[in-house]
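To keep things clear, I will list the structure first and then write my remarks on it.
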Amino acid sequence: QVQLVESGGGLVQAGGSLRLSCAASGSIFSINAMAWYRQAPGKQRELVARITSGSITNYADSVKGRFTISRDNAKNAVYLQMNSLKSEDTAVYYCNAAIKSWVVGPFRDYWGQGTQVTVSS
């Protein structure tokens with residue numbers, strides 16, 4: 001069993017900052033890419049940022065220059081530093097990771113339960 005647990009969401013004023021954390025636990029042999037997605041009310045879930053096992057990153061155009069994704073492989077964790085927040089960043093943020101539980105076997109996609117980020121204007 002693998003679990004992803006997010007933390008760090010909350011209510012912040014426009015222009016403020018938040019840092020999201022996500023830690024993976026359970027049966028973990030290797031973690032490939034890790035990512036943050038978000039889903040606003042009435043909208044589809046979208047990729048916010050992604051980081052590979054080699055720390056190569058990519059971002060949605062809407063967050064470039066404001067958000068930074070990072071990871072700590074020793075802690076099986078991924079982070080999202082969000083600066084200069086805007087009202088349109090309001091959404092539920094989900095952690096995602098591709099995890100292999102055993103030496104032999106595929107990487108499987110796992111999701112966290114989501115954490116609410118609300119930006120007031």
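The values are calculated or read from the model by the stated rules, or taken from the named source; none is laboratory data. Everything quoted here is computed from the prediction, not taken from an experiment. Neighbour counts run over all protein chains shown; Cβ positions are idealised from the backbone, glycine included. Protein only, heavy atoms only, side chains kept; ligands, DNA and RNA dropped before computing areas. Shrake-Rupley method; radii C 1.70, N 1.55, O 1.52, S 1.80 Å.
Taking the criterion of being buried (at least 17 other Cβ atoms within 10 Å of the Cβ), free of Cβ contacts under 8 Å to residues at least 60 places away in the same chain and either assigned to a strand (DSSP E or B) or within 14 Å of the chain's Cα centre (by Cα) (or both), the residues of region 71-91 that qualify are ARG71, ASN76, ALA77, VAL78, ASP89, ALA91.
All conditions in (1) free of Cβ contacts under 8 Å to residues at least 60 places away in the same chain; (2) more than 17 Å from GLY112 (Cβ to Cβ); (3) open to solvent by less than 30 Å² (accessible area, probe 1.4 Å) hold for VAL12, with the sole exception of (1). Within region 97-109, one or more residues are in a strand (DSSP E or B), touching a strand residue (DSSP E or B) at 6+ places or on another chain (Cβ under 7 Å) and open to solvent by 60 Å² or more (accessible area, probe 1.4 Å).
Just so you know, in region 110-121 the residues that are assigned to a loop (DSSP other than H, G, I, E, B) and either at negative phi or of a type in the set (A, V, I, L, M) (or both) include one that is surrounded by the fewest Cβ atoms within 10 Å (Cβ to Cβ), and it is SER121. With the condition kept exactly as written, say whether any residue in region 51-64 is in contact with a helix residue (DSSP H, G or I) (Cβ under 9 Å, 6 or more places away or on another chain), surrounded by 16 or more Cβ atoms within 10 Å (Cβ to Cβ) and part of a strand (DSSP E or B). No, there is no match, as no residue in region 51-64 is in contact with a helix residue (DSSP H, G or I) (Cβ under 9 Å, 6 or more places away or on another chain), surrounded by 16 or more Cβ atoms within 10 Å (Cβ to Cβ) and part of a strand (DSSP E or B). Of all residues in region 25-42, those that are over 21 Å from THR68 (Cβ atoms) have Cβ atoms under 8 Å from Cβ atoms of residues that are surrounded by fewer than 13 Cβ atoms within 10 Å (Cβ to Cβ) and of a type in the set (A, V, I, L, M), 6 or more apart or on another chain, in PHE29/VAL103. When PHE67 is tested against (1) touching a strand residue (DSSP E or B) at 6+ places or on another chain (Cβ under 9 Å); (2) over 14 Å from ARG19 (Cβ atoms); (3) of a type in the set (Phe, Trp, Tyr), only condition (2) is not met.
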